[in-house]
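So the structure is just underneath, and the comments pick up after that.
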Amino acid sequence: MSEAKLDLFPAPLTQAAFEPFGDVIDISDVDPIEINEGTTERFHDLARVDTADENGTTLVNIFRGQPRAQPIALRMVERHPLGSQAFYPLRNLPWLVVVAPAGDTVELKSLRAFRATGTQGVNYRKGVWHHPLLVLNADHDFLVIDRGGPGDNCDEFRFEGETAYLEL
């Protein structure tokens, strides 16, 4: 039996397009609040971090990503049913986001791909399917805010006999 194939082409990451999956963390259209005697601008409340289910705690991490061979074969996605997960790049380099709607399973045809700028992050809502970190440059660091604590908070779904290819 031949393998089913889907070619994905990333769209620009905008809040309107990403709304079903979570928040875009981006300060370009946010009015800052002046703090610290006028020496600091605060870009307030950029994402809804959700980690409290089943006595969860909020973790602050650094992830360092490495690029994958191109075209990028997408054979699995994961979700975090007990908490949101936010990624914000620490280098001004573009990166990729692949998501699918929350649900018990995921179909290959429901995958969406986005090209994020180096000044945009995402906050995946709990339960939203997403591909693990996809970077285009070596040693690309991200600030990651997610859930720690009791309970199983990572489900993986593998596309058996199907593969999506991310075309850049």
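One residue stands out in the stretch 94-105 among those that are more than 18 Å from residue 26 (Cβ to Cβ) and buried (at least 16 other Cβ atoms within 10 Å of the Cβ): the one that is nearest to the chain's Cα centre (by Cα), namely 98.
Across the stretch 122-132, the number of residues qualifying as aliphatic (A, V, I, L, M) and either surrounded by fewer than 19 Cβ atoms within 10 Å (Cβ to Cβ) or in a strand (DSSP E or B) (or both) comes to 1. Taking residue 70 as the residue in question, decide whether it is among the polar types (S, T, N, Q), in contact with a Leu (Cβ under 9 Å, 6 or more places away or on another chain) and closer than 26 Å to residue 158 by Cα. Spelling it out, residue 70 is indeed among the polar types (S, T, N, Q), in contact with a Leu (Cβ under 9 Å, 6 or more places away or on another chain) and closer than 26 Å to residue 158 by Cα.
Filtering the stretch 107-123 for residues that are of a type in the set (S, T, N, Q) and under 21 Å from residue 59 (Cα atoms) leaves a non-empty set. Contact map, the stretch 106-121: first residue surrounded by fewer than 17 Cβ atoms within 10 Å (Cβ to Cβ), second residue hydroxyl-bearing (Ser, Thr, Tyr) and not in a helix (DSSP H, G or I), Cβ cut-off under 8 Å, separation 6 or more or different chains; pairs are 119/28. Of all residues in the stretch 133-168, those being of a type in the set (Asp, Glu), over 11 Å from residue 63 (Cβ atoms), within 17 Å of the chain's Cα centre (by Cα) and surrounded by 13 or more Cβ atoms within 10 Å (Cβ to Cβ) number 1. Consider the stretch 13-71 and keep the residues that are of a type in the set (Ser, Thr, Tyr) and closer than 27 Å to residue 101 by Cα. The one that is surrounded by the most Cβ atoms within 10 Å (Cβ to Cβ) is 51.
Values in this text are rule-based calculations from the coordinates and carry no lab data. This is a predicted model, so every value here is computed, not measured. All Cβ positions, even for glycine, are placed from backbone atoms using ideal geometry, and neighbour counts span all protein chains on display.
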